[in-house]
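Here, each number is a calculation from the coordinates, and none is a lab measurement. If you're wondering where the values come from, they're calculated on a predicted model, not measured in any experiment. Cβ placement follows ideal geometry from the backbone for every residue including glycine, while neighbour counts extend to all protein chains displayed.
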Amino acid sequence: MKTTMLRKSVLGIAGLAVAGGLAAGPLNHGTVESSTTDRPVAVVQADKPTVDQDKLIPHGVQGDQSRIDLDDEQTANVKAIIAATKKTGLDERAAVISIATALQESKLENLGHLGDRNDHDSQGLFQQRPSSGWGTVEQITDPEYATTAFLKSLRQVDGWQDMPLTKAAQTVQVSAYPDHYAQWEQQAADLVTQHWNS
């Protein structure tokens, strides 16, 4: 009998505590701290459409990734590559391939002739060669022209949209180091995400 009464008392007190908590809960709205405050929150600006991440790296990155810090000139060259890509009517994936290629070829620096350190007569962001028909020195050291020339050649590669980045870039560039483009894919995708809608 005492056990039954004790059990009822405990259950009654627990019931009051729960009911009190439920009643008090809504009355305290705005004062309860969320446990998610320590997690980063993605802020999406309504005036800027987001970039489709699946489009940027459709095959996933291949191999170890490299990354460099960019100065103002290199960032301006990223923006010039993106602007030229948009002007040609190509999408974000084409910009990722272009930027990764320029990262490998010149670290996004618009290089002039480097004398003995030069690979033949290669110059500009993509290390294009006047002697190979890419254009004049003035043209291939103009970021818009150089990007447009690169993208024109990329468009002529059947199925470039479905190729791994390094294969698409190598088909255009014909580099002695064909696999080196892959290491820049993540940084290129990050740069496109950051600047495509800026």
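Kindly identify the stretch 48-193 as rounded, prolate or oblate by the Cα gyration tensor criterion: order the square roots of the eigenvalues as a ≥ b ≥ c, call it rounded if a/c is under 1.5, otherwise compare a/b with b/c, prolate if a/b is larger, else oblate. Intermediate results must be reported in sequence, preceding the final value.
On the way: a/c = 1.43, a/b = 1.39, b/c = 1.03.
Rounded, since a/c falls under 1.5.
ASP158 to GLU109: extension gain in nm, 0.36 nm per residue of separation minus the Cα-Cα distance? Present the calculation step by step, with values, prior to reporting the outcome.
Details: separation 49, 0.36 × 49 = 17.64 nm, distance 2.90 nm.
Additional length available on full extension: 14.7 nm.
Can you tell me the order of 169-175, 50-56, 136-142 when each peptide is scored by its average per-residue count of other Cβ atoms within 10 angstrom, highest first?
Working: 169-175: 19.3, 50-56: 13.9, 136-142: 16.3.
Taking the mean over residues of other Cβ atoms within 10 Å, the ranking is 169-175, 136-142, 50-56.
Say each of ASN197 and ALA83 gets a label point 7 Å from the Cα, pointing the same way as Cα to Cβ; how far apart are those two points in nm?
2.1 nm
If R0 is 25 Å, what FRET efficiency do you get for ASP71 and ASP91 from their C-beta distance, rounded to 0.05? Display every interim value, and only then the final one.
Numbers: r = 27 Å, r/R0 = 1.09.
For ASP71 and ASP91, the calculated efficiency is 0.35.
For the stretch 98-178, which chymotrypsin sites (Phe, Trp or Tyr not before Pro) are in a loop by DSSP, counting at most 16 other Cβ atoms within 10 Å?
Sparse-neighbourhood loop chymotrypsin sites (Phe, Trp or Tyr not before Pro): none present.
Run the numbers for SER131 and ASP64: contour at 0.36 nm per residue of separation, minus the present Cα-Cα distance, in nm. Working shown, then result.
Values: separation 67, 0.36 × 67 = 24.12 nm, distance 3.35 nm.
That works out to 20.8 nm of additional length.
Taking a ≥ b ≥ c as the square roots of the eigenvalues of the Cα gyration tensor of the stretch 52-117, is the shape rounded (a/c under 1.5), prolate (a/b larger than b/c) or oblate? Walk me through the numbers before you get to the answer.
Values: a/c = 2.09, a/b = 1.37, b/c = 1.53.
Oblate.
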